[in-house]
Amino acid sequence: MFAVQIAAAAGANAIGVISDETKRDYVMSLGAKGVINRKDFSCWGQLPKVGSPDYDTWFAEARKFGKAIWDITGKGVNVDMVFEHPGEATFPVSSFVVKRGGMVVFCAGTSGFNITFDARYVWMHQKRIQGSHFAHLKQASEANRFVLDRRVDPCMSEVFGWEQIPLAHMKMWKNQHAPGNMAVLVNSPRAGLRTLEDVIEAGR
């Protein structure tokens, strides 16, 4: 959610990759220029052994995914950067579809940490791989400023009182939460207060 909005705020053209078709309109509403459903492709998981029949099948599907990107960017126009967090399931494709000289930035490994990729397409095309654990303090402050200035929507789907924390956890556990973020009020009398000054004023 934030990656799409920050990319748009910076003047980039974000493409969202979803696994649930019901999220397409939501991602577009955040500023994406296009959306691709990864369930339309079967090139996910660790990279098969190079030269094997399984690799040939993977390669054909990865190219098909790349062509879906071209449907958004224009024929032959690969993406400058891939920002990803699934890791093991998606990294082989991410490192394949990013443009020559482009970068894959990953911030997690939610599908697994044993990341694989075809090294030939990285060294021969001078691609870069960058790990990221969000930001340093200055960057975090600037990202927060985007929210305060309403250039980035925090995408709050639901706000809970402190006593409702178990309900919030249950919704996450059962995957019943709406798209977006959930938050819990801490020392705030009500939702919608944007600054410390607002909270102090509301508490008087």
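The values are calculated or read from the model by the stated rules, or taken from the named source; none is laboratory data. Computed from a predicted model, the values in this text were never measured in an experiment. Cβ coordinates were reconstructed from backbone atoms using ideal geometry, including for glycine residues, and neighbour counts include every protein chain displayed.
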*Hey, can you tell me all the residues within region 23-45 that are in contact (Cβ under 8 Å) with a residue 12 or more places away in the chain, part of a helix (DSSP H, G or I) and out of contact with any Ser or Thr (no Cβ under 6 Å at 6 or more places or on another chain)?*
Lys23, Arg24, Tyr26, Val27, Met28, Asp40
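Only one residue in Met156, Met170, Met182 is in contact with a helix residue (DSSP H, G or I) (Cβ under 6 Å, 6 or more places away or on another chain) and either free of Cβ contacts under 8 Å to residues at least 24 places away in the same chain or not polar (S, T, N, Q) (or both). Which one? Break it down into steps so the answer makes sense when it comes.
Numbers: Met156 fails: in contact with a helix residue (DSSP H, G or I) (Cβ under 6 Å, 6 or more places away or on another chain); Met170 fails: in contact with a helix residue (DSSP H, G or I) (Cβ under 6 Å, 6 or more places away or on another chain).
The match here is Met182.
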_Positions within region 109-138 being of a type in the set (Ser, Thr, Tyr) and either touching a Cys at 6+ places or on another chain (Cβ under 6 Å) or at positive phi (or both), in sequence order_ = Ser132
*Output the number of the condition that Lys49 fails; it satisfies all remaining conditions of (1) outside any helix (DSSP H, G or I); (2) free of Cβ contacts under 8 Å to residues at least 24 places away in the same chain; (3) farther than 18 Å from Ala89 by Cβ.*
(3)
*asked:* What's the number of the only condition in (1) surrounded by fewer than 12 Cβ atoms within 10 Å (Cβ to Cβ); (2) over 19 Å from Val104 (Cα atoms) that Gly76 fails to meet?
replied: (2)
*Among the residues of region 61-88, write down those that are touching a Ser or Thr at 6+ places or on another chain (Cβ under 8 Å) and of a type in the set (A, V, I, L, M).*
Val79, Val82
_Just to check your reading of the model, which residue among Val199, Val159 is over 21 Å from Phe2 (Cβ atoms) and either surrounded by 10 or more Cβ atoms within 10 Å (Cβ to Cβ) or at pLDDT 85 or above (or both)?_
Val199
